[in-house]
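The values are calculated or read from the model by the stated rules, or taken from the named source; none is laboratory data. Keep in mind it's a predicted model, so treat the numbers as computed, not measured. Positions of Cβ are backbone-derived with ideal geometry, glycine not excepted, and every protein chain shown enters the neighbour counts.
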Amino acid sequence: MNAKKCVLAYSGGLDTSAMVPWLKLQGYEVHAVLVDVGQDEDLPALCDKAFDHGAATAVIRDAKPAMYRHVIPMAIGLASTYEGTYRLGTALARPFIAEEQVKVARQLGGATLVHGATGKGNDQIRFEFAYRSLAPECPVLAPWKFWEFGGRVDLINFLKEQGFKGDYAVEKDYSMDENLWHLSIEGGMLEEPDSTVDVGAVLKSVAGRFAWDDSPRPAKPSADVQFEAGVPVAVNGQKLPLPQIIDQLNRQYRTADWGWDLIIENRFTGVKSRGLYINPAAKLLHLAADTLARTCLNKPTYDQYVALGDQYATMLYRGEYFSDQRMVIEAAAHALMAQLTGSVTVQLQPAPYVSKILNNQSIFTNEMATFEESDYSHQDAAGFIRLNWLSNIGKPFVEETHAGLVETKHPASSHFSAAERMSA
């Protein structure tokens, strides 16, 4: 293996553009890989940019088919979110970018794998876990952990010193990441949790980035989604391949009032971050898939469904895609998702809610749920309560046995007078 060859995950932004000449100064022959994960950018032009900055080769690799075949069905079918709100947009793309890098490195007979992630975030972990899992023989280099630059000004000055011209802004309002699943926006006012965020202003400022086409389609007030084994196969009666379903929903509802999540999340590194995620297709399909699961899975099985969704999200968020735990989770998920066949109608105004569910495997019955007369025996509930109390509680509650426990005092209690507290 020629250790002086390197394969760079090239995005075309300031960081990775500066990495090309910096790596050359370290003695590397730089091979740039632009992985298409659905970002709305001129990738051939970015290849030219990589060449202009000194790359020996620059290639475009399409990871979208693999994402649609492997990770997107799981993310939808399990209604999988990290910490309940993050819909995995950035996390689900990184393993596939790393995989394409490894393929190019092997075509070169071996090379150092390079990424542009910083030492604070999750992406460094996702890239490097993937590298170690797929190509443990390849060295890894993360310039942000070693080079002398501290930020955008340093990088711009470095490029100027090396004779490269660019229209990079010294200050950048937001950092954005786009793929077929979402657009994430971080930085600027979003970094201040104690400041009021004008979401409308943020969306307006990035509207041109997340457009897909120049003619927005009118957003329909509802969407009927048909599922087979947990995967969408039709929208509003029209059968479509999964890529077209995701693209259509994202295009139609990209400006919807409900199509985003503003989240504070716990990074794997321990650093908290706040970001705005535009992900209308994910939001709509998660609601529909979860509702379908609620209608046809019994309580213990539905609990397992929710647990698998959480486990899958955590695994993916932490960068553990190429692992045994993913294989185990997906094997169990396929068994559960096999039951998720039917259609769900989601009303979208004023906020998304499910208005209609059609599912032949549903275990919800009007006869059992009705308040009117039915075959259900109310007398049976008495024995059910007695037996469950016996197994779950099992003895009378005696307050004196808990006297040693520390009494929790709420700060607000200090605002009441002694008489008011006694009367309460």
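Looking at the range 112-158, which of its residues are among the small types (Gly, Ala, Ser), under 18 Å from residue 13 (Cα atoms) and touching a residue at least 24 places away in the same chain (Cβ under 8 Å)?
The answer is 116, 117, 119, 121, 142.
Counting just the residues of the range 290-331 that are of a type in the set (D, E, K, R) and part of a helix (DSSP H, G or I), which one comes out farthest from residue 123 (Cα to Cα)?
Filtering the range 290-331 for residues that are of a type in the set (D, E, K, R) and part of a helix (DSSP H, G or I), the one farthest from residue 123 (Cα to Cα) comes out as 299.
Within the range 74-95, restricting attention to residues that are in contact with a strand residue (DSSP E or B) (Cβ under 7 Å, 6 or more places away or on another chain) and hydrophobic (A, V, I, L, M, F, W, C), which residue is nearest to residue 140 (Cα to Cα)?
88
I'd like the residue in the range 4-37 that is β-branched (Val, Ile, Thr) and touching a strand residue (DSSP E or B) at 6+ places or on another chain (Cβ under 7 Å) and, out of all such residues, is nearest to residue 170 (Cα to Cα).
16
I want to confirm something. Restricting to the range 164-196 and keeping residues that are of a type in the set (A, V, I, L, M, F, W, C) and part of a loop (DSSP other than H, G, I, E, B), which single residue is nearest to residue 284 (Cα to Cα)?
Only one residue fits best here, namely 181.
Pick from the range 332-356 the residues that are assigned to a strand (DSSP E or B) and more than 23 Å from the chain's Cα centre (by Cα): which of them is surrounded by the fewest Cβ atoms within 10 Å (Cβ to Cβ)?
Top of the filtered list is 355.
Can you pull out the residues in the range 262-280 that are closer than 16 Å to residue 175 by Cα, surrounded by 14 or more Cβ atoms within 10 Å (Cβ to Cβ) and over 12 Å from the mean Cα position of the chain (by Cα)?
Within the range 262-280, 262, 273, 274 meet the criteria.
Collect the residues in the range 76-129 that are surrounded by fewer than 20 Cβ atoms within 10 Å (Cβ to Cβ), in contact with a helix residue (DSSP H, G or I) (Cβ under 6 Å, 6 or more places away or on another chain) and hydroxyl-bearing (Ser, Thr, Tyr), keeping them in residue-number order.
118
Scan the range 220-243 and tell me whether some residue there is closer than 17 Å to residue 178 by Cβ, in contact with a Gly (Cβ under 8 Å, 6 or more places away or on another chain) and assigned to a helix (DSSP H, G or I).
No, the range 220-243 contains no residue that is closer than 17 Å to residue 178 by Cβ, in contact with a Gly (Cβ under 8 Å, 6 or more places away or on another chain) and assigned to a helix (DSSP H, G or I).
Just checking, does the range 223-243 include any residue being within 22 Å of the chain's Cα centre (by Cα), closer than 30 Å to residue 295 by Cα, at pLDDT 90 or above and among the polar types (S, T, N, Q)?
No: the range 223-243 contains no residue that is within 22 Å of the chain's Cα centre (by Cα), closer than 30 Å to residue 295 by Cα, at pLDDT 90 or above and among the polar types (S, T, N, Q).
Residue-by-condition table, conditions (1) of a type in the set (A, V, I, L, M, F, W, C); (2) under 16 Å from residue 96 (Cβ atoms):
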| site | (1), (2) |
| --- | --- |
| 5 | no, no |
| 18 | yes, no |
| 21 | no, no |
| 25 | yes, no |
| 32 | yes, no |
| 37 | yes, yes |
| 44 | no, no |
| 65 | no, yes |
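For the range 11-130, give me every one of the strands (runs of 3 or more DSSP E) that falls completely inside it and has 1 or more residues that are among the basic types (Lys, Arg).
Answer list for the range 11-130: 57-62.
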